[in-house]
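Single-structure report; data block below.
Each reported figure results from applying straightforward, stated rules to the coordinates on display, with no laboratory input. Since the model is a prediction, treat every value here as computed from it, not as a measurement. Quick reminder, even Gly has a Cβ in these numbers, built from the backbone with ideal geometry, and neighbours come from all protein chains shown.
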Protein chains: 2
Amino acid sequence: MATQNVQNLTSSSEKYASSFNKGSLALPPAKKYLVVTCMDARIDPAAAFGIELGDAHVIRNAGGNAKDALRSILISQHLLGTREIILVKHTGCGMVTFTNTDALKVVAENQGVGVLSGTYDFQPFPDVEQGVRDDVEWLKSNGAVVKDSAISGWVYEVETGKTKQIV
Amino acid sequence: MATQNVQNLTSSSEKYASSFNKGSLALPPAKKYLVVTCMDARIDPAAAFGIELGDAHVIRNAGGNAKDALRSILISQHLLGTREIILVKHTGCGMVTFTNTDALKVVAENQGVGVLSGTYDFQPFPDVEQGVRDDVEWLKSNGAVVKDSAISGWVYEVETGKTKQIV
């Protein structure tokens, strides 16, 4: 039997398709940029960051983590021609609330000991603004990232809906 | 000087924040599900899949790749309580258009030989529907993924705006 979330996707999709008129957009992003941000449920990148359909790649993971996004960034840049990276972390991020030790303990309680290596790195980080600066620096010094890329770092405020540039 | 994309983010964000009234949403997704989909510029998950702000984690990478998303999925499930995974790949995906050899050649041309290991895996795949089935199977057999998770697999049609269930 379909879950409520599956039922919602099915009905929402039918409604969306019934008025859809953007079926001829090109594969490469029209505005040649990519956004890396967090998977957090309180972020709607298209609405909050003004991304029109077809304009930008949007990469999302736990923390808006640049290292975790590298494969996608390289494909976006080298195969699909993007030349600008906008990285957005956010206030109230879950990634600053736990350590690897905490997370490994919960996984072991839920799934059994040993399903993950004891050195598995969930990549938590202690400070959001410093995390933005560190990730931008890491991207700028990565030899595989296109050298003349514009790279900026931002914090989205889940409390206010504002997005502020950090670097 | 700010790029056009930075100027767009700044002005769009001000407008979004001026009517924002969802500043009190909880960190854990209200509907306890997560969506994995592609970074493709032609997909707006909130609109196309009916995701209300605060309801679901949204993980996006090149290909809507489950393996690449695993760190984020485990954090979503074990630390933030989600119990359902909806995986959506799409028609016209760039990931079916190149091989690792192709991609490594382009990176070497753009950045110089040796910036990536010759065994770097961009994780291209040859068929979208089979890719959905393979990723769902991989998630179901992964010992760290919560055992009683509902997991479904879908294809979004960039030509029509429709999303169809595969598995």
Local charge sum around B:GLY23 (other residues, Cβ-Cβ under 13 Å, Lys/Arg +1, Asp/Glu -1)? +1
Of the DSSP beta bridges with both residues in region B:1-117, give the percent that are antiparallel, rounding to the nearest 5. 0 percent
Based on the alpha-carbon set only, what is the convex hull volume of region A:1-55 divided per residue, in Å³? 130 Å³
Pseudo-spin-label distance A:SER24 to B:VAL115, built 7 Å along Cα→Cβ, given in nm, is 3.6 nm
When the Cα centres of region A:134-155 and region B:96-145 are compared, how far apart do they sit, in Å? 22 Å
Region B:40-118: spread of alpha-carbon positions along the three principal axes, whole Å, largest first, is 44, 28, 17
Could you check how many percent of all C-alpha pairs in chain B are farther apart than 25 Å? 44 percent
Which chain A residue puts its Cβ closest to the axis that rotates A onto B, and at what distance in whole Å? A:ARG60, 2
A correct Kirkwood calculation over the Cα atoms of the protein assembly as shown returns a hydrodynamic radius in Å of 20.0 Å
Magnitude of the Cβ-charge dipole of chain A, K/R +1 and D/E -1, about the Cα centre, nearest 20 debye? 460 debye
Helix-derived mean residue ellipticity, 222 nm - over chain B, DSSP H n ≥ 4, -39500 (n - 2.57), to 500: -10000 deg cm²/dmol
Net charge (Lys, Arg +1; Asp, Glu -1) of residues whose beta-carbon lies under 13 Å from that of B:ILE166, B:ILE166 excluded, is -2
Under 8 Å for C-alpha pairs, at least 6 residues apart: give me the relative contact order for chain A, rounded to a whole percent. 23 percent
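Which value, in debye to the nearest 20, describes the size of the charge dipole of the protein assembly as shown about its Cα centre when Lys and Arg Cβ atoms bear +1, Asp and Glu Cβ atoms bear -1, and nothing else is charged?
For the protein assembly as shown, the charge dipole is close to 220 debye.
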Given GluC sites (Glu not before Pro), DSSP loops and at most 16 other Cβ atoms within 10 Å, the longest exposed-site-free stretch of chain B is B:53-158
Per residue of B:136-143, other chain Cβ atoms within 10 Å number on average 1
Between the residues B:GLN165, B:CYS93, B:GLY118, the Cα farthest towards the positive end of the dipole of region B:77-167, that dipole coming from +1 and -1 charges on the beta-carbon of Lys, Arg, Asp and Glu, is from B:GLN165
Can you list, shortest first and in nm, the gaps between the label point of A:LYS105 and those of its counterparts in the other copies, using a point 7 Å from Cα in the C-beta direction? 5.2
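Quick one: net charge around B:SER13, please, counting Lys, Arg +1 and Asp, Glu -1 for every other residue with C-beta under 10 Å from its C-beta.
Local charge sum for B:SER13: +1.
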To the nearest Å, what is the center-to-center distance of region B:37-69 and region A:16-53, using C-alpha atoms only? 10 Å
